[in-house]
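One structure is given below, encoded as structure tokens.
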Amino acid sequence: GQQVMQIPQYQHVQEGEDFTTYCNSSTTLSNIQWYKQRPGGHPVFLIQLVKSGEVKKQKRLTFQFGEAKKNSSLHITATQTTDVGTYFCAGPWSTLTFGKGTMLLVSP
Amino acid sequence: NAGVTQTPKFRVLKTGQSMTLLCAQDMNHEYMYWYRQDPGMGLRLIHYSVGEGTTAKGEVPDGYNVSRLKKQNFLLGLESAAPSQTSVYFCASSSLGLAGSETQYFGPGTRLLVL
């Protein structure tokens, strides 16, 4: 069925390195959401992107929505150990549909 | 506001036993959802509700039933638990919005182990 694909599934970085996760859809999305789940925690909403080519920043996090509205990315600059967790994108179909997530591990 | 709460936090069942997971929200949200999360599988929607007295099937509804008798509560039932239902269950709620575009607020989760 329709879904969003996330890559990579897993990434391990050293503290201070940058990190990027990508979300791809085969169909045009009206919007896309990003969530973060800390280990042992629950998903927490980060942001929603609506406009083609939109770029939003939250401190060290930069979110981008592709021009064709079929892909999105989350970039973290200079990772910190507090960034550890799984990042999910989610797209709108009959209900909100989540990708499988990218697990980020940050070593000090 | 407590947001979304789930009861219990952790439960161990034997195969064939039944149980009910309770989700409560105090944000006056219309929509409520039940997901299960398994390693490498992301969040999969079990059932959802768009209002009091209504329920609908999600991606993986088999083996589960739900009820939404009150707007603030959404119950998930397992009539005869199976080891394949070992998982972490999350409840979520959201306000009215375009289908699939509403921001969801999640509860802390219920960890279920079926032996």
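The values are calculated or read from the model by the stated rules, or taken from the named source; none is laboratory data. Everything quoted here is computed from the prediction, not taken from an experiment. So basically every Cβ, Gly included, is an ideal-geometry build from the backbone, and we count neighbours across all protein chains shown. Note: areas computed on protein heavy atoms with side chains; ligands, DNA, RNA excluded. Shrake-Rupley method; radii C 1.70, N 1.55, O 1.52, S 1.80 Å.
Set the Förster radius R0 to 22 Å, insert the Cβ-Cβ distance between B:E52 and B:K9 as r into 1/(1 + (r/R0)^6), and round the FRET efficiency to 0.05.
Computed FRET efficiency for B:E52 and B:K9 comes out at 0.30.
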Q: Show the residues, 5+ positions off or on another chain, whose built amide H is closer than 5 Å to the amide H of A:E54.
A: A:F65
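How much net charge surrounds B:V50 when only the other residues with a Cβ under 13 Å from the Cβ of B:V50 are counted, with Lys and Arg +1 and Asp and Glu -1?
Local net charge: 0.
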**Q.** Candidate residues A:T97, A:T79: accessible-area rank, largest first, probe 1.4 Å
**A.** A:T97, A:T79
Q: Return P(r) of the protein assembly as shown (all Cα-Cα pairs; 5 Å bins starting at 0; whole %; ordered from short to long distances).
A: 1, 7, 15, 18, 18, 16, 12, 8, 4, 1, 0
Q: Could you tell me the accessible area of A:S30 in Å² (1.4 Å probe, neighbours in place), rounded to the nearest ten?
A: 60 Å²
Q.
Not counting ligands, DNA or RNA, and with a 1.4 Å probe, what is B:R36's accessible surface area in Å² rounded to the nearest 10?
A. 20 Å²
(Q) Students often get this wrong: which residues of region B:13-27 have the backbone nitrogen under 19 Å from the point 7 angstrom along Cα-to-C-beta of B:S84? (A) B:13-19
Q) Taking a probe of 1.4 angstrom, what is the accessible area of B:E59 in Å², to the nearest 10? A) 120 Å²
(Q) Which order do you get for A:H12, A:H42 if you rank them by accessible area with a 1.4 Å probe, largest at the top? (A) A:H12, A:H42
Q: Provide the net charge surrounding A:V50, with neighbours chosen by a C-beta distance below 12 Å and charges set as Lys +1, Arg +1, Asp -1, Glu -1.
A: +2
(Q) So if I average 1/r over every pair of distinct C-alpha atoms in chain A and take the inverse, what Kirkwood radius in Å does that give? (A) 13.8 Å
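At a 1.4 Å probe radius, which order do B:D38, B:D62 fall into by accessible area, largest first?
Largest to smallest exposure gives the sequence B:D62, B:D38.
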(Q) Whole-Hz ³J(HN,Hα) for each residue in region B:8-15, computed from phi via Karplus 6.51 cos²θ - 1.76 cosθ + 1.60 with θ = phi - 60°, x for glycine and proline: what do you get? (A) x, 7, 8, 8, 10, 10, 9, 3
Q. Per the Cauchy relation, a quarter of the hull surface: what is the mean projected area of the convex hull of the alpha carbons in chain B, in nm²?
A. 6.6 nm²
Q.
Less than 15 Å apart at the alpha-carbon level, and either on another chain or at least 8 residues along: which aspartates and glutamates does that give for A:K100?
A. B:D38, B:E59
Q) Taking A:K59 as the anchor, which aspartates and glutamates have their alpha carbon closer than 13 Å to its alpha carbon, excluding any fewer than eight residues away along the same chain? A) A:D83
Q: List the relative contact order of chain A as a percent without decimals, with contacts defined as Cα pairs under 8 Å and 6+ residues apart.
A: 38 percent
Q. Taking only pairs that are 8 or more places apart or on different chains, how many Lys pairs in region B:4-114 have Cα atoms under 22 angstrom apart?
A. 4
(Q) Can you list residues from other chains, or at least 5 along the same chain, whose modelled amide H is less than 5 Å from the amide H of B:G58? (A) B:H47, B:Y48
